[in-house]
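Undergrad: My questions all concern the structure below.
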Amino acid sequence: MSKKHGLEIMLKRLLGKDSREEQVVDGIRNHLRLLYDQCCLLVKLLKDEDVVLIERIMDIEREGDIIRRRVFSELFEGAFIPYMRPHLYRFVEICDRAMDTVEDVAKYYELAQVPSNLKEPAVSIAEMTSSMAELLLIAYDTFQKGKDLRDQMLAIRVYEKRIDDVDHTIRLEMKNISVTSFWEGWWLGELCRSLSLVSDIIEDAMDVLSLIQVSLR
Amino acid sequence: MKVSEFMTKKIECINADASIYDAIERLLDKRIRSLVVKNANSHKPDGVITARDIVFKVLSEGKDPRRIKVGEIASFPVVCVSPDDEISKAMRLMKEMNYARVFVCEGNCVIGVLALMDVMQASLVEKARAGNHA
(Lines give C-alpha, C1' and ligand atoms only; values in the text may rest on other atoms or scores of the structure.)
Protein backbone atom coordinates (compact mmCIF):
# COMPACT_ATOMS: atom_id res chain seq x y z
CA MET A 1 0.00 0.00 0.00
CA SER A 2 1.45 3.40 -1.02
CA LYS A 3 2.08 6.11 1.58
CA LYS A 4 -0.44 8.45 -0.10
CA HIS A 5 -3.11 5.76 -0.24
CA GLY A 6 -2.56 4.97 3.43
CA LEU A 7 -2.97 8.63 4.36
CA GLU A 8 -6.19 8.83 2.36
CA ILE A 9 -7.63 5.83 4.20
CA MET A 10 -6.60 7.29 7.54
CA LEU A 11 -8.22 10.63 6.69
CA LYS A 12 -11.40 8.87 5.61
CA ARG A 13 -11.46 7.04 8.90
CA LEU A 14 -10.83 10.23 10.83
CA LEU A 15 -12.93 12.61 8.81
CA GLY A 16 -15.73 10.75 7.27
CA LYS A 17 -17.52 8.05 9.27
CA ASP A 18 -19.34 9.29 12.28
CA SER A 19 -22.04 11.97 11.91
CA ARG A 20 -20.42 14.00 14.70
CA GLU A 21 -17.16 14.07 12.78
CA GLU A 22 -19.05 14.93 9.62
CA GLN A 23 -20.66 17.88 11.37
CA VAL A 24 -17.26 19.16 12.46
CA VAL A 25 -15.83 18.74 8.96
CA ASP A 26 -18.83 20.49 7.35
CA GLY A 27 -18.83 23.17 10.06
CA ILE A 28 -15.19 24.03 9.42
CA ARG A 29 -15.86 24.20 5.68
CA ASN A 30 -18.80 26.55 6.20
CA HIS A 31 -16.65 28.66 8.50
CA LEU A 32 -13.97 28.97 5.82
CA ARG A 33 -16.62 29.73 3.20
CA LEU A 34 -17.92 32.56 5.40
CA LEU A 35 -14.39 33.93 5.80
CA TYR A 36 -14.03 33.99 2.01
CA ASP A 37 -17.43 35.69 1.55
CA GLN A 38 -16.53 38.23 4.21
CA CYS A 39 -13.21 39.02 2.48
CA CYS A 40 -15.03 39.46 -0.86
CA LEU A 41 -17.44 41.91 0.79
CA LEU A 42 -14.50 43.81 2.24
CA VAL A 43 -13.07 44.25 -1.27
CA LYS A 44 -16.44 45.59 -2.42
CA LEU A 45 -16.66 47.89 0.61
CA LEU A 46 -13.25 49.44 -0.01
CA LYS A 47 -13.70 49.61 -3.77
CA ASP A 48 -17.26 50.93 -4.02
CA GLU A 49 -17.27 52.73 -0.66
CA ASP A 50 -20.67 51.17 -0.02
CA VAL A 51 -21.02 51.51 3.78
CA VAL A 52 -24.18 49.35 3.79
CA LEU A 53 -21.81 46.37 3.49
CA ILE A 54 -20.31 47.08 6.92
CA GLU A 55 -23.42 45.67 8.59
CA ARG A 56 -23.29 42.55 6.38
CA ILE A 57 -19.62 41.98 7.24
CA MET A 58 -20.51 42.20 10.94
CA ASP A 59 -23.42 39.76 10.44
CA ILE A 60 -21.07 37.25 8.80
CA GLU A 61 -18.73 37.52 11.79
CA ARG A 62 -21.65 36.61 14.08
CA GLU A 63 -22.61 33.69 11.81
CA GLY A 64 -18.98 32.58 12.06
CA ASP A 65 -19.17 32.70 15.86
CA ILE A 66 -22.23 30.44 15.82
CA ILE A 67 -20.45 27.88 13.63
CA ARG A 68 -17.32 28.08 15.81
CA ARG A 69 -19.35 27.37 18.96
CA ARG A 70 -21.12 24.43 17.27
CA VAL A 71 -17.81 22.94 16.10
CA PHE A 72 -16.27 23.37 19.56
CA SER A 73 -19.28 21.74 21.15
CA GLU A 74 -19.06 18.72 18.81
CA LEU A 75 -15.35 18.40 19.54
CA PHE A 76 -15.99 18.68 23.27
CA GLU A 77 -18.63 15.98 23.06
CA GLY A 78 -16.10 13.60 21.59
CA ALA A 79 -15.76 14.09 17.84
CA PHE A 80 -12.38 12.79 16.61
CA ILE A 81 -9.66 11.12 18.58
CA PRO A 82 -8.33 13.18 21.53
CA TYR A 83 -5.00 13.70 19.78
CA MET A 84 -6.69 15.54 16.87
CA ARG A 85 -8.97 17.80 18.90
CA PRO A 86 -6.50 20.50 20.06
CA HIS A 87 -5.26 20.95 16.49
CA LEU A 88 -8.80 21.34 15.17
CA TYR A 89 -9.68 23.77 18.00
CA ARG A 90 -6.63 25.81 17.11
CA PHE A 91 -7.43 25.83 13.40
CA VAL A 92 -11.01 26.99 13.98
CA GLU A 93 -9.87 29.61 16.50
CA ILE A 94 -7.38 31.09 14.06
CA CYS A 95 -9.98 31.24 11.28
CA ASP A 96 -12.33 32.95 13.71
CA ARG A 97 -9.65 35.50 14.58
CA ALA A 98 -9.29 36.24 10.85
CA MET A 99 -13.05 36.92 10.68
CA ASP A 100 -12.86 39.18 13.77
CA THR A 101 -10.06 41.13 12.14
CA VAL A 102 -11.99 41.59 8.87
CA GLU A 103 -14.83 42.92 11.02
CA ASP A 104 -12.36 45.32 12.71
CA VAL A 105 -11.33 46.64 9.29
CA ALA A 106 -14.98 47.29 8.41
CA LYS A 107 -15.60 49.03 11.76
CA TYR A 108 -12.55 51.28 11.42
CA TYR A 109 -13.56 52.01 7.85
CA GLU A 110 -16.81 53.45 9.19
CA LEU A 111 -14.87 55.74 11.53
CA ALA A 112 -11.84 56.71 9.48
CA GLN A 113 -11.59 58.65 6.25
CA VAL A 114 -9.37 56.73 3.83
CA PRO A 115 -7.31 59.29 1.88
CA SER A 116 -7.51 58.92 -1.91
CA ASN A 117 -3.82 57.97 -2.24
CA LEU A 118 -4.34 55.00 0.12
CA LYS A 119 -7.48 53.69 -1.55
CA GLU A 120 -5.77 51.79 -4.37
CA PRO A 121 -3.18 49.98 -2.18
CA ALA A 122 -5.89 49.21 0.40
CA VAL A 123 -8.11 47.64 -2.27
CA SER A 124 -5.12 45.73 -3.58
CA ILE A 125 -4.43 44.26 -0.09
CA ALA A 126 -8.11 43.36 0.33
CA GLU A 127 -8.17 41.60 -3.07
CA MET A 128 -5.06 39.57 -2.28
CA THR A 129 -6.46 38.70 1.16
CA SER A 130 -9.64 37.43 -0.47
CA SER A 131 -7.52 35.27 -2.81
CA MET A 132 -5.74 33.89 0.27
CA ALA A 133 -9.09 33.04 1.90
CA GLU A 134 -10.12 31.26 -1.31
CA LEU A 135 -6.84 29.31 -1.29
CA LEU A 136 -7.38 28.32 2.35
CA LEU A 137 -10.78 26.92 1.40
CA ILE A 138 -9.23 25.04 -1.54
CA ALA A 139 -6.48 23.79 0.79
CA TYR A 140 -9.11 22.45 3.20
CA ASP A 141 -10.85 20.57 0.37
CA THR A 142 -7.46 19.26 -0.78
CA PHE A 143 -6.71 18.17 2.80
CA GLN A 144 -9.97 16.24 2.95
CA LYS A 145 -9.00 14.43 -0.24
CA GLY A 146 -5.71 13.48 1.44
CA LYS A 147 -3.65 15.33 -1.15
CA ASP A 148 -0.51 17.39 -0.66
CA LEU A 149 -1.03 21.01 0.47
CA ARG A 150 2.33 22.27 -0.80
CA ASP A 151 0.88 24.24 -3.75
CA GLN A 152 -1.67 26.09 -1.63
CA MET A 153 0.90 26.77 1.08
CA LEU A 154 3.35 28.28 -1.39
CA ALA A 155 0.62 30.36 -3.07
CA ILE A 156 -0.51 31.73 0.29
CA ARG A 157 3.10 32.68 1.08
CA VAL A 158 3.36 34.42 -2.29
CA TYR A 159 0.33 36.57 -1.49
CA GLU A 160 1.56 37.26 2.04
CA LYS A 161 4.87 38.56 0.68
CA ARG A 162 3.08 40.76 -1.87
CA ILE A 163 0.78 42.12 0.83
CA ASP A 164 3.82 42.95 3.00
CA ASP A 165 5.25 44.96 0.11
CA VAL A 166 2.03 46.94 -0.40
CA ASP A 167 1.70 47.41 3.37
CA HIS A 168 5.19 48.92 3.41
CA THR A 169 4.13 51.34 0.66
CA ILE A 170 1.06 52.34 2.70
CA ARG A 171 3.21 53.00 5.77
CA LEU A 172 5.55 55.20 3.74
CA GLU A 173 2.57 57.11 2.31
CA MET A 174 1.04 57.53 5.77
CA LYS A 175 3.94 59.69 6.88
CA ASN A 176 2.68 62.42 4.57
CA ILE A 177 -0.98 62.32 5.61
CA SER A 178 -2.07 65.12 7.90
CA VAL A 179 -4.82 64.42 10.40
CA THR A 180 -6.95 66.91 12.32
CA SER A 181 -7.34 64.95 15.55
CA PHE A 182 -5.77 62.14 17.55
CA TRP A 183 -8.71 59.83 16.90
CA GLU A 184 -8.71 60.41 13.17
CA GLY A 185 -5.06 59.32 13.03
CA TRP A 186 -5.65 56.41 15.43
CA TRP A 187 -8.57 55.01 13.43
CA LEU A 188 -6.73 55.29 10.15
CA GLY A 189 -3.65 53.61 11.66
CA GLU A 190 -5.75 50.79 13.12
CA LEU A 191 -7.60 50.35 9.81
CA CYS A 192 -4.31 49.87 7.94
CA ARG A 193 -2.85 47.62 10.66
CA SER A 194 -5.94 45.38 10.75
CA LEU A 195 -6.13 45.23 6.97
CA SER A 196 -2.65 43.75 6.63
CA LEU A 197 -3.08 41.57 9.74
CA VAL A 198 -5.80 39.39 8.14
CA SER A 199 -3.28 37.90 5.71
CA ASP A 200 -0.88 37.02 8.56
CA ILE A 201 -3.69 35.19 10.35
CA ILE A 202 -4.73 33.28 7.21
CA GLU A 203 -1.10 32.26 6.75
CA ASP A 204 -1.08 30.97 10.37
CA ALA A 205 -4.26 28.99 9.68
CA MET A 206 -2.63 27.44 6.61
CA ASP A 207 0.41 26.45 8.69
CA VAL A 208 -1.81 24.72 11.26
CA LEU A 209 -3.72 22.85 8.56
CA SER A 210 -0.44 21.72 7.10
CA LEU A 211 0.77 20.59 10.55
CA ILE A 212 -2.42 18.58 11.04
CA GLN A 213 -1.75 16.85 7.74
CA VAL A 214 1.88 16.15 8.62
CA SER A 215 0.85 14.77 12.02
CA LEU A 216 -1.48 12.29 10.32
CA ARG A 217 1.28 10.74 8.20
CA MET B 1 -5.19 34.84 -14.86
CA LYS B 2 -4.97 38.51 -15.81
CA VAL B 3 -1.78 40.58 -15.90
CA SER B 4 -3.43 43.18 -13.61
CA GLU B 5 -3.57 40.62 -10.80
CA PHE B 6 0.19 40.15 -10.61
CA MET B 7 1.75 43.29 -12.00
CA THR B 8 3.75 45.55 -9.71
CA LYS B 9 2.09 48.95 -9.67
CA LYS B 10 4.99 50.75 -8.09
CA ILE B 11 7.19 51.99 -10.91
CA GLU B 12 10.09 54.40 -10.77
CA CYS B 13 10.72 56.89 -13.53
CA ILE B 14 13.78 58.88 -14.62
CA ASN B 15 14.20 61.64 -17.15
CA ALA B 16 16.02 60.76 -20.38
CA ASP B 17 18.34 63.75 -19.78
CA ALA B 18 19.49 62.47 -16.37
CA SER B 19 22.95 60.93 -16.08
CA ILE B 20 23.63 57.23 -15.75
CA TYR B 21 25.06 58.04 -12.33
CA ASP B 22 21.64 59.38 -11.28
CA ALA B 23 20.05 56.17 -12.58
CA ILE B 24 22.50 54.00 -10.61
CA GLU B 25 21.75 56.01 -7.49
CA ARG B 26 17.99 55.54 -7.97
CA LEU B 27 18.27 51.80 -8.68
CA LEU B 28 20.40 51.18 -5.60
CA ASP B 29 18.31 53.44 -3.39
CA LYS B 30 15.02 51.76 -4.35
CA ARG B 31 16.53 48.27 -4.70
CA ILE B 32 15.00 47.73 -8.13
CA ARG B 33 16.41 46.62 -11.46
CA SER B 34 14.82 48.92 -14.00
CA LEU B 35 13.53 52.46 -14.46
CA VAL B 36 10.96 53.83 -16.88
CA VAL B 37 12.60 56.54 -18.97
CA LYS B 38 10.51 59.63 -19.63
CA ASN B 39 11.25 61.96 -22.53
CA ALA B 40 10.99 65.73 -22.10
CA ASN B 41 8.74 65.61 -25.14
CA SER B 42 5.66 63.93 -23.68
CA HIS B 43 4.46 62.74 -27.11
CA LYS B 44 7.39 60.33 -27.39
CA PRO B 45 6.78 56.87 -25.92
CA ASP B 46 8.45 55.85 -22.68
CA GLY B 47 11.60 53.74 -22.64
CA VAL B 48 13.36 51.54 -20.11
CA ILE B 49 16.83 51.37 -18.62
CA THR B 50 17.92 48.29 -16.69
CA ALA B 51 20.83 47.41 -14.41
CA ARG B 52 21.96 45.10 -17.21
CA ASP B 53 22.13 48.03 -19.70
CA ILE B 54 24.20 50.06 -17.24
CA VAL B 55 26.67 47.28 -16.46
CA PHE B 56 27.12 46.04 -20.04
CA LYS B 57 26.96 49.32 -21.95
CA VAL B 58 28.67 51.71 -19.54
CA LEU B 59 30.57 50.19 -16.61
CA SER B 60 32.12 47.22 -18.41
CA GLU B 61 33.18 49.55 -21.24
CA GLY B 62 35.04 51.75 -18.77
CA LYS B 63 32.84 54.77 -19.59
CA ASP B 64 32.14 57.53 -17.07
CA PRO B 65 28.51 57.20 -15.82
CA ARG B 66 28.42 60.94 -15.05
CA ARG B 67 29.00 61.87 -18.68
CA ILE B 68 26.46 59.57 -20.33
CA LYS B 69 22.77 60.37 -20.42
CA VAL B 70 20.10 57.79 -19.67
CA GLY B 71 18.46 58.42 -23.06
CA GLU B 72 21.64 57.34 -24.86
CA ILE B 73 21.54 53.74 -23.70
CA ALA B 74 17.87 53.20 -22.77
CA SER B 75 15.63 51.06 -24.97
CA PHE B 76 12.69 52.81 -26.66
CA PRO B 77 9.82 52.14 -26.70
CA VAL B 78 9.00 49.83 -23.78
CA VAL B 79 7.38 46.50 -24.61
CA CYS B 80 3.80 46.77 -23.43
CA VAL B 81 0.94 44.45 -22.53
CA SER B 82 -2.55 45.41 -21.44
CA PRO B 83 -3.68 44.90 -17.81
CA ASP B 84 -6.49 42.73 -19.19
CA ASP B 85 -4.13 40.41 -21.09
CA GLU B 86 -3.61 36.89 -19.82
CA ILE B 87 -0.33 36.21 -17.99
CA SER B 88 0.33 33.44 -20.54
CA LYS B 89 0.41 36.04 -23.34
CA ALA B 90 2.92 38.18 -21.43
CA MET B 91 4.99 35.06 -20.70
CA ARG B 92 5.09 34.14 -24.41
CA LEU B 93 6.18 37.66 -25.30
CA MET B 94 8.95 37.59 -22.68
CA LYS B 95 10.18 34.26 -23.95
CA GLU B 96 10.15 35.28 -27.63
CA MET B 97 11.99 38.54 -26.98
CA ASN B 98 14.17 37.20 -24.17
CA TYR B 99 13.03 39.99 -21.83
CA ALA B 100 13.03 39.85 -18.04
CA ARG B 101 10.05 42.22 -17.79
CA VAL B 102 7.24 43.74 -19.81
CA PHE B 103 5.44 46.94 -18.96
CA VAL B 104 1.74 47.21 -18.43
CA CYS B 105 0.28 50.15 -20.33
CA GLU B 106 -3.02 51.91 -20.68
CA GLY B 107 -2.76 54.00 -23.84
CA ASN B 108 0.63 55.71 -23.73
CA CYS B 109 0.78 55.56 -19.97
CA VAL B 110 2.84 52.91 -18.12
CA ILE B 111 0.81 51.75 -15.10
CA GLY B 112 2.84 48.76 -13.95
CA VAL B 113 5.49 46.19 -14.68
CA LEU B 114 5.38 42.41 -14.88
CA ALA B 115 8.72 40.72 -14.18
CA LEU B 116 9.83 37.07 -14.39
CA MET B 117 9.32 36.68 -10.63
CA ASP B 118 5.71 37.90 -10.94
CA VAL B 119 5.05 35.39 -13.73
CA MET B 120 6.49 32.61 -11.57
CA GLN B 121 4.29 33.61 -8.63
CA ALA B 122 1.20 33.80 -10.87
CA SER B 123 1.80 30.30 -12.20
CA LEU B 124 2.18 28.98 -8.63
CA VAL B 125 -1.10 30.55 -7.57
CA GLU B 126 -2.86 29.21 -10.67
CA LYS B 127 -1.64 25.70 -9.87
CA ALA B 128 -2.78 26.02 -6.25
CA ARG B 129 -6.22 27.26 -7.32
CA ALA B 130 -6.62 24.24 -9.56
CA GLY B 131 -5.97 22.05 -6.50
CA ASN B 132 -9.59 21.15 -5.85
CA HIS B 133 -10.24 20.25 -9.47
CA ALA B 134 -7.21 17.94 -9.73
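The values are calculated or read from the model by the stated rules, or taken from the named source; none is laboratory data. Given the structure is predicted, the values throughout are model-derived calculations rather than measurements. Here the Cβ is made from the backbone with ideal geometry for all residues, glycine too, and neighbour counts use every protein chain on show. Surface accessibility is based on the protein's heavy atoms, side chains included, excluding ligands, DNA and RNA. Shrake-Rupley method; radii C 1.70, N 1.55, O 1.52, S 1.80 Å.
Undergrad: Rounded to the nearest 10 degrees, what's the angle between the helix A:52-76 long axis and the longest principal axis of chain A, both from Cα atoms, 0 to 90?
TA: 30
Undergrad: While we're looking at this one, here's another question. Restricting to DSSP H runs of at least four residues, report the calculated mean residue ellipticity at 222 nm for the protein assembly as shown, -39500 (n - 2.57) per run over all residues, nearest 500 deg cm²/dmol.
TA: When only DSSP H runs of four or more count, the value is -22500 deg cm²/dmol.
Undergrad: Hey, which of these cross-link pairs are over 24 Å Cα-Cα: A:K47/B:K30; A:K175/B:K10; A:K161/B:K10; B:K63/B:K95?
TA: Values: A:K47/B:K30 29 Å; A:K175/B:K10 17 Å; A:K161/B:K10 15 Å; B:K63/B:K95 31 Å.
Beyond 24 Å: A:K47/B:K30; B:K63/B:K95.
Undergrad: Percent antiparallel among DSSP beta bridges with both residues in the protein assembly as shown, to the nearest 5?
TA: Numbers: 14 of 19 bridges.
Around 75 percent of the beta bridges assigned by DSSP in the protein assembly as shown are antiparallel ones.
Undergrad: Can you give the local net charge around B:D64? Use residues other than it whose beta-carbon is closer than 14 angstrom to its beta-carbon, Lys and Arg +1, Asp and Glu -1. Show your work: numbers first, answer last.
TA: Working: positive: B:K57, B:K63, B:R66, B:R67, B:K69; negative: B:D22, B:E61, B:E72.
Residues near B:D64 contribute +2 overall.
Undergrad: Residues of the stretch B:22-109: accessible area per residue at 1.4 Å, in Å²?
TA: Per residue, the stretch B:22-109 has 65 Å² of solvent-accessible surface.
Undergrad: I would also like to ask the following. Taking the alpha-carbon centroid of each part, what is the distance from the stretch A:140-217 to the stretch B:27-72 in angstrom?
TA: If we compute the Cα centre of each part, the gap is 36 Å.
Undergrad: Ignoring any ligand, DNA or RNA, what whole percent of the accessible area of the stretch A:3-216 comes from carbon and sulfur when the probe is 1.4 angstrom?
TA: Of all accessible area on the stretch A:3-216, carbon and sulfur atoms account for 52 percent.
Undergrad: What average count of beta carbons from other chains do you get within 10 Å of the Cβ of residues in B:117-129?
TA: Going residue by residue through B:117-129 and averaging, the value is 5.
Undergrad: For the stretch B:34-104, give the magnitude of the charge dipole about the Cα centre (Cβ charges: +1 Lys/Arg, -1 Asp/Glu; no others), in debye to the nearest 20.
TA: On the way: 12 positive and 9 negative charges, 57 e Å.
The calculation lands at about 280 debye.
Undergrad: Identify, among A:A122, A:L45, A:I66, the residue whose Cα sits farthest towards the positive end of the charge dipole of chain A, taking +1 on the Cβ of Lys and Arg and -1 on the Cβ of Asp and Glu, with the dipole about the Cα centre.
TA: A:I66
Undergrad: Here's a follow-up. What's the buried accessible area, both sides, between B and A using a 1.4 Å probe, rounded to 100 Å²?
TA: Interface between B and A: roughly 1400 Å².
Undergrad: What translational D, rounded to a whole number of µm²/s, comes out for the stretch A:3-216 from Stokes-Einstein when the hydrodynamic radius is the Kirkwood one over Cα pairs, at 25 °C and 0.890 mPa s?
TA: So the translational diffusion coefficient is about 136 µm²/s.
Undergrad: So if we plug the beta-carbon distance of A:E93 and B:I111 into 1/(1 + (r/R0)^6) with R0 = 51 Å, what FRET efficiency do we get, rounded to 0.05?
TA: 0.80
Undergrad: Which of the peptides A:154-162, A:68-76, A:174-182 is most tightly packed, and how do the rest follow, going by the mean number of other Cβ atoms within 10 Å of each residue?
TA: Ranking the peptides A:154-162, A:68-76, A:174-182 by packing returns A:154-162, A:68-76, A:174-182.
Undergrad: Here's a follow-up. Extension gain A:R150-A:I66, at 0.36 nm per residue separation less the Cα-Cα distance, in nm?
TA: Working: separation 84, 0.36 × 84 = 30.24 nm, distance 3.08 nm.
Stretched fully, the A:R150-A:I66 segment lengthens by 27.2 nm.
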